[in-house]
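Only the coordinates and a few stated rules stand behind these numbers; no lab work does. Predicted model, so just to flag it, every value in this text is computed and none were measured. Cβ placement follows ideal geometry from the backbone for every residue including glycine, while neighbour counts extend to all protein chains displayed.
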Amino acid sequence: MTADPAKPDVRPADPRFSSGPCKKRPDWSADRFPTAALGRSHRSKTGKARLKRAIDLTRELLGVPDDYRIGIVPASDTGAVEMAMWSMLGARGVDMLAWESFGSGWVTDAVKQLRLDDARVIEADYGALPDLSSVDFDRDVVFTWNGTTSGVRVPNADFIPSDREGLTICDATSAAFAQRLDFGKLDVTTFSWQKVLGGEGGHGVLILSPRAVERLETHTPAWPLPKIFRLTKGGKLIEGIFAGETINTPSMLCVEDYIDALEWAQSIGGLDALIARADANLGVIQSFVDSVHWLENLAVDPATRSNTSVCLKIVDPAVIALDEAGQAAFAKGMVSALDAQGVAFDIGAYRDAPPGLRIWAGGTIEASDLQALMPWLQWAFDTQKMSLKQAA
Ligand SMILES: Cc1ncc(COP(=O)(O)O)c(C=O)c1O
């Protein structure tokens, strides 16, 4: 009988590698939050000032141009994306880009829910980007900057012309604060606090270019809009939304948590530092992947590899020989073993994605924790492989 694989000596100091809600910033503590805005009206002077502070810091950190509006809206990133789609689409044809589960969700919205007459779907399988040169930017375009469930991102916004006629609506939830967003090419940008900054779910951020505002003020959708989607009144933008007067009641505790994350980000050097941390984290994972025969990045082209939601597939011949259920069981076995050891939580591939691992690498994660995790991946693989051999 063969001995069980030896466990590595070092454990990650923090086993939280989930792709959302993501790990909180180093040294996070709820005790740090200012409490003056809690337990009272979000429309008080104090409450509005905190909401405004969250907006101002977002602008500063992400480098959002002064003439773009930033609003805090209901229902997390999904709320922000759907609010934009429901408010703006239908004025012209739309190209819907999808290369993983969330992008596919926006396709469903356009085709099956809004039932747009002129929606063209441009797709690719998990691991690749669709043919971006086939996108027609005289139409509106909806896309996800970083596909969280495949770990495939657009490398930059060069594929988007500056002189486009249509609007670009970009779900940037797992990209914002880890990848450089080119706002000149983005008319609508959305994200949630629960991702790269390790904040809370429930609130979305909606960033609008002047052209997006123009669309809102000149286009009336052919369908009714619920109150939580309404960004205009009497054909004019409701400016208050973009100054902290939220449509409905936000969680001020979540707002304080977001401000705390933003101030931490600022204290370590802002966006450049956040990007550098995420890049270094991807580097740790990719070096390990390159050093073993049994693991590959799901993103085939290195330029498209996410530095936040890093998706990995197991390519060992004995595992590939299994059917899809067998491959999923193998990956799940690894994930469960790592969870049981308390070294990695929530690192299984997303439910709609091919079987494998998904490890978060955004800026709140410490490279040292990823370094400590890598030998454990080997341990979990060896352990599962041994069970596979014993079952054969
Ligand atoms: C690319 C993408 N879009 C949308 C969502 C949905 O975000 P939320 O649950 O914050 O609405 C997620 C969540 O993981 C995501 O990764």
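With only alpha-carbon pairs counted, each pair once and no self-pairs, how large is the Kirkwood hydrodynamic radius of the range 94-189 in angstroms? Please list the in-between numbers first.
Numbers: mean 1/r = 0.0754 Å⁻¹.
For the range 94-189, inverting the mean 1/r across all distinct Cα pairs yields 13.3 Å.
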### Message
Only counting other Cβ atoms within 10 Å, I'd like W86, W193 sorted with the fewest neighbours first.
### Response
W86, W193
### Task
Send over the Kirkwood Rh of the chain, from the inverse of the averaged 1/r over different Cα pairs, rounded to one decimal Å.
21.9
### Message
With angles folded into 0 to 90 degrees, how steeply does helix 45-62 sit against the dominant principal axis of the chain? Use alpha carbons for both and round to 10.
### Response
60
### Message
Please state the shape class of the range 156-221: rounded when a/c is under 1.5, otherwise prolate if a/b exceeds b/c and oblate if not, all from the C-alpha gyration tensor.
### Response
oblate
### Message
Among V107, H203, I160, which residue has its Cα furthest toward the positive end of the charge dipole of the range 36-267, with +1 on Lys/Arg Cβ and -1 on Asp/Glu Cβ?
### Response
H203
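Assuming R0 = 22 Å, what is the FRET efficiency of D339 and L253, from their Cβ-Cβ distance, to the nearest 0.05?
Computed FRET efficiency for D339 and L253 comes out at 0.20.
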### Message
Rounded to the nearest 20 debye, what is the charge dipole size of the chain about its Cα centre when +1 sits on each Lys and Arg Cβ and -1 on each Asp and Glu Cβ?
### Response
1220
### Query
For the range 140-291, rounded, prolate or oblate, judged on the Cα gyration tensor with a ≥ b ≥ c (square roots of eigenvalues), a/c < 1.5 rounded, else prolate if a/b > b/c?
oblate
### Query
Rounded if a/c is under 1.5, else prolate if a/b beats b/c, else oblate: with a ≥ b ≥ c from the C-alpha gyration tensor eigenvalues square-rooted, which is the range 3-87?
prolate
## Note on the structure
Rounded to the nearest 500, the 222 nm mean residue ellipticity computed for the chain from DSSP H runs (n ≥ 4, each -39500 (n - 2.57)) alone is -11000 deg cm²/dmol
### Task
Find the all-direction average of the projected area of the Cα convex hull for the range 36-267, expressing the result in square nanometres with one decimal place.
12.0
### Query
If one puts a single equal scatterer on every Cα of the range 1-147 and applies the Debye formula without solvent, what log₁₀ I(q)/I(0) results at q = 0.12 Å⁻¹?
-0.79
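Listed here are the pairs K7/K389; K332/K385; K7/K385; which of them are more than 21 Å apart at the Cα?
none
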#### Entry: Scattering profile of the range 270-391 at q = 0.13, 0.14, 0.21 Å⁻¹ [log10 I(q)/I(0), Debye over alpha-carbon scatterers]
-0.49, -0.57, -1.25
### Query
Tell me, how many Å apart are the Cα centres for the range 188-223 and for the range 48-83?
8
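Rank these for me by crowding, S306, S41, going from fewest to most other beta carbons within 10 Å.
Ranking S306, S41 by Cβ neighbours within 10 Å, fewest first, gives S41, S306.
Within 10 Å of each residue's Cβ, count the other Cβ atoms and sort L312, L116 from fewest upward.
Starting with the residue having the fewest Cβ neighbours, the order is L116, L312.
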### Task
Measure out, as a whole number of angstrom, how far apart the alpha-carbon centroids of the range 122-157 and the range 325-359 sit.
26
## Note on the structure
About its Cα centre, the range 36-267 carries a charge dipole, from +1 on Lys and Arg Cβ atoms and -1 on Asp and Glu Cβ atoms, whose size in debye to the nearest 20 is 1020
## Note on the structure
Length gained if A329 through A391 is fully extended, taking 0.36 nm per residue and subtracting the Cα-Cα distance, is 21.0 nm
